[in-house]
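Take a look at the structure below.
None of the figures in this text is laboratory data; all of them are computed from the coordinates on show. Note that the coordinates shown come from a computational prediction; the quantities given were computed from them, not determined experimentally. Here Cβ is always computed from backbone atoms with ideal geometry, including for glycine, and neighbour counts include all displayed protein chains.
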Amino acid sequence: MLNCLGTMLGIFISVPLLLFMAAPYIRRYVAGGVCKSTAKLNGKVVVITGANTGIGKETARDLAHRGAKVIMACRDMAKGEAAASEIRAETGNQQVIVKKLDLADTRSIRAFAENFLAEEKQLHILINNAGVMLSLYSKTADGFEMHLGVNHLGHFLLTFLLLGCLKQSAPARIVNVSSLAHYGGRIHFHDLQGEKCYKWGLAYCHSKLANVLFTRELARRLQGTGVTANALHPGAVYSELVRHSILMTLMWKTFSFFLKTPRQGAQTTVYCAVAEELESVTGQYFSDCRPANVAPQGRNDELAKKLWNVSCELLGIQWD
């Protein structure tokens, strides 16, 4: 009995110690790719959704360093202003501006776009970054299931409203932050809102697949316009994305050394936004600053076209 207890105590002590000792090597491994582009963005206008925290904030910080005028589209204006103030102080770039945008409300999306188009004549980079994850079943102001409404339909509508400005500003880029989780996603048109069967983990996966399919069809439709559209997986990032799940928040904190920092997680987003070699690359999916494989269902052109048409119907828009 004493020998058994001694063995268990030894394991209890040694495992955390080994993890602590290995932490620097683990962090180096999970850090992933780094955007090596030194491209400057002076005179360029960028819109980033969900830019007040996490990889959105780090993306805004990086592009501000490069000289861009950065419009931080945020739901929480207080957090947005605090983040913008921090970025302006660090970069010396005073063209970092916060605008109200709630992707869970199409009225807010339309108001943001109307305000932006009234004040800005150009838009060179649109980064659809904001998202919700692991939310209990709830609906947006327009009655859409929250994951689908925010992660897909909100960005779908925002892109539609700003596309004319992007085309006029070409060459321009659209960057959609998706996830490896799209592999677990399916588009169930018979239950798109999850009213018959809802599982919060799968709902997130479904919305991330929608991001990939949207990017694919958008890129096809934008051929020859000078506007590109690409999607990406940022990696597993220690951020506020899991805030809706107490269990996941606890796991994120416990295993944080296995996760990317927000700055590391932003690298592929920045890469897709600025890398010179991607100027004419469109309809692709990236991870760790290099091309990555897409799930079979994410390469289905007919599925992408059908989702496009259904999305237009839900939003009451015509996007030919």
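Which whole-Hz ³J(HN,Hα) couplings does the stretch 264-277 yield from phi under the Karplus relation 6.51 cos²θ - 1.76 cosθ + 1.60, θ = phi - 60°, glycine and proline marked x?
Whole-Hz 3J(HN,Hα) from phi for the stretch 264-277: 5, x, 7, 4, 6, 4, 4, 4, 5, 7, 10, 4, 4, 6.
Give me the extension gain from GLN223 to GLN318: residue separation times 0.36 nm, minus the current Cα-Cα distance, reported in nm with one decimal.
Extra length available between GLN223 and GLN318 comes to 32.3 nm.
Taking θ as phi - 60°, what are the ³J(HN,Hα) couplings along the stretch 187-197 by the Karplus curve (6.51, -1.76, 1.60), each to the nearest whole Hz, with x for Gly and Pro?
With coefficients 6.51, -1.76 and 1.60, one gets 9, 9, 5, 6, 8, 4, 8, x, 7, 8, 8 Hz.
Suppose the chain between GLU119 and ARG88 were pulled fully straight at 0.36 nm per residue; how much longer would it get relative to their current alpha carbon spacing?
On the way: separation 31, 0.36 × 31 = 11.16 nm, distance 2.02 nm.
Extra length available between GLU119 and ARG88 comes to 9.1 nm.
Considering only Cα-Cα distances, which of the following residue pairs are longer than 31 Å: LYS260/LYS306; LYS44/LYS306; LYS36/LYS99; LYS57/LYS199; LYS99/LYS208?
Check vs 31 Å cut-off fails for LYS260/LYS306; LYS44/LYS306.
For GLU277 and HIS65, what is the calculated FRET efficiency with R₀ set at 25 Å and r taken between the beta-carbons, to the nearest 0.05?
Efficiency, from the Cβ-Cβ distance: 0.80.
So how do 67-78, 289-300, 143-154, 177-188 stack up, highest first, on mean other-Cβ count within 10 Å?
Ranked from most to least packed, the peptides come out as 143-154, 67-78, 177-188, 289-300.
HN-Hα J couplings of the stretch 73-84 from phi, Karplus 6.51/-1.76/1.60, θ = phi - 60°, integer Hz, Gly and Pro as x?
Calculated HN-Hα couplings, in order: 8, 10, 7, 9, 5, 5, 5, x, 5, 5, 5, 5 Hz.
Taking a point 7 angstrom from the Cα of ASP301 along the C-beta vector, which residues in the stretch 204-231 have backbone N less than 14 Å away?
Flagged as within label range: 216-223.
What is the distance, in nm, between label points placed 7 Å from the Cα along the Cα-to-Cβ direction at ASN42 and at LEU136?
5.3 nm
For ALA229, what residues show an amide H to amide H distance below 5 Å, using hydrogens built from the backbone and excluding near sequence neighbours?
Answer set, sorted by chain and number: ILE174, GLY283.
Between ASP76 and ALA292, what length comes free when the chain is fully extended (0.36 nm per residue of separation minus the Cα-Cα distance, one decimal in nm)?
Between ASP76 and ALA292, full extension yields an extra 74.5 nm.
Evaluate the charge dipole of the stretch 79-224 about its Cα centre and quote only its size in Debye, nearest 20, assuming +1 on the Cβ of each Lys and Arg and -1 on the Cβ of each Asp and Glu.
Working: 17 positive and 13 negative charges, 84 e Å.
Using only the charged Cβ atoms, the result is roughly 400 debye.
Using a Förster radius of 41 Å, what is the FRET efficiency between ILE97 and CYS197 based on their Cβ-Cβ separation? Nearest 0.05, please.
It comes out at approximately 0.45.
How much of the calculated P(r) for the stretch 79-130 lies past 13 Å, in percent of all Cα pairs? Can you show the working numbers first?
Details: 906 of 1326 pairs.
That tail contains 68 percent of the Cα-Cα pairs.
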